[in-house]
1. For segment 174-203, which residues satisfy the criterion of being surrounded by fewer than 18 Cβ atoms within 10 Å (Cβ to Cβ) and either modelled with pLDDT of 90 or more or in contact with a strand residue (DSSP E or B) (Cβ under 8 Å, 6 or more places away or on another chain) (or both)?
2. Conditions: (1) open to solvent by 60 Å² or more (accessible area, probe 1.4 Å); (2) hydroxyl-bearing (Ser, Thr, Tyr); (3) within 26 Å of Ala29 (Cα to Cα). Tyr114 meets all but one. Number of the miss?
3. Does Glu92 qualify as being loosely packed, with under 13 Cβ neighbours inside 10 Å, modelled with pLDDT under 95, over 19 Å from Leu16 (Cβ atoms) and not hydroxyl-bearing (Ser, Thr, Tyr)?
4. Test each condition in (1) buried (at least 16 other Cβ atoms within 10 Å of the Cβ); (2) at pLDDT 95 or above for Gly86 and report the one that comes out false.
5. Select from segment 30-64 the residues that are free of Cβ contacts under 8 Å to residues at least 12 places away in the same chain and either in contact with a Ser or Thr (Cβ under 6 Å, 6 or more places away or on another chain) or in a helix (DSSP H, G or I) (or both) and list them in ascending order.
Amino acid sequence: MSEEATTPSARQVELLEAAYAYALTHGLADLSLRPLAAAIGSSPRVLLFLFGSKDGLVRALLARARADELALLDRFGPTGRKESIGLVRAVEEVWAWLAAPEHRPLLRLWAEAYARSLVEPDGAWGGFARRTVGDWLDALAGCQPPAERNSEQGATRRTLALAVLRGALLDLLATDDEARVTAAVRAEFDLLGSGGEESRRIR
């Protein structure tokens, strides 16, 4: 397949960004082409032409959401740092970003896509949750010192860190009780840090 056949047109990119903004407000579960098209200044026929089908549009929106996720992980990963920052500090920084109220629309969209991919593994949502877990584990691994990163204990600690972040995020989205959830996450930071040498380096 040629590069020209796979490169989206300017109009497709423009409509995808507009549809993504719409999805951040309205979600994806009950996405209907007609109201979406009306809201972004297009038509169902144009959207079907550009994205092939409603499922094609959903897949494009999920890819767009994942791009934001990867941008976040790059921001907190080891890129540009002289040394690994350690798992505890990485999780602290990630949680501060996740807990910020202005990020709730994006996080609700992630949570919706994650849950939907578990119950519709063969549809447009298929694989989103598994890819997300892999993305986060890879990013957290990059924040660990090499000796820890490549150990069984290191894999266990980053899996625990991800579980804490994901569970706390779901609680925060459900209750909006940032103070309570953050206090619990910080308590978990202390437990997580007590299991590794890195916690003594960053305190």
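The values are calculated or read from the model by the stated rules, or taken from the named source; none is laboratory data. Worth saying up front: this structure is predicted, and the values here are computed from it rather than measured. Don't worry about glycine lacking a Cβ; one is built from the backbone with ideal geometry, like all the others, and counts go over all protein chains shown. Surface areas here come from the heavy atoms of the whole protein model, side chains and all, with no ligands, DNA or RNA. Shrake-Rupley method; radii C 1.70, N 1.55, O 1.52, S 1.80 Å.
1. Step one: of segment 174-203, the residues surrounded by fewer than 18 Cβ atoms within 10 Å (Cβ to Cβ) are 174-180, 182-184, 186-187, 190-191, 194-195, 197, 200-203.
Those that are surrounded by fewer than 18 Cβ atoms within 10 Å (Cβ to Cβ) and either modelled with pLDDT of 90 or more or in contact with a strand residue (DSSP E or B) (Cβ under 8 Å, 6 or more places away or on another chain) (or both): Ala174, Thr175, Asp176, Asp177, Glu178, Ala179, Arg180, Thr182, Ala183, Ala184, Arg186, Ala187.
2. With (1) open to solvent by 60 Å² or more (accessible area, probe 1.4 Å); (2) hydroxyl-bearing (Ser, Thr, Tyr); (3) within 26 Å of Ala29 (Cα to Cα) applied to Tyr114, the lone miss is (1).
3. On the way: loosely packed, with under 13 Cβ neighbours inside 10 Å: no; modelled with pLDDT under 95: yes; over 19 Å from Leu16 (Cβ atoms): yes; not hydroxyl-bearing (Ser, Thr, Tyr): yes.
It is false that Glu92 is loosely packed, with under 13 Cβ neighbours inside 10 Å, modelled with pLDDT under 95, over 19 Å from Leu16 (Cβ atoms) and not hydroxyl-bearing (Ser, Thr, Tyr).
4. For Gly86, the failing item is (2).
5. So the first thing to find is which residues in segment 30-64 are free of Cβ contacts under 8 Å to residues at least 12 places away in the same chain, and the list is 30, 32, 34-35, 37-38, 43-45, 49, 52-53, 63.
Answer for segment 30-64, where residues must be free of Cβ contacts under 8 Å to residues at least 12 places away in the same chain and either in contact with a Ser or Thr (Cβ under 6 Å, 6 or more places away or on another chain) or in a helix (DSSP H, G or I) (or both): Arg34, Pro35, Ala37, Ala38, Pro44, Arg45, Phe49, Ala63.
Yes/no matrix, rows are residues, columns are (1) closer than 19 Å to Ala96 by Cβ; (2) in a helix (DSSP H, G or I); (3) open to solvent by less than 50 Å² (accessible area, probe 1.4 Å); (4) at pLDDT 95 or above:
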| site | (1), (2), (3), (4) |
| --- | --- |
| Asp138 | no, yes, no, no |
| Ala141 | no, yes, yes, no |
| Glu148 | no, yes, yes, no |
| Gly154 | no, yes, yes, no |
| Gly167 | yes, yes, yes, yes |
| Leu172 | yes, yes, yes, yes |
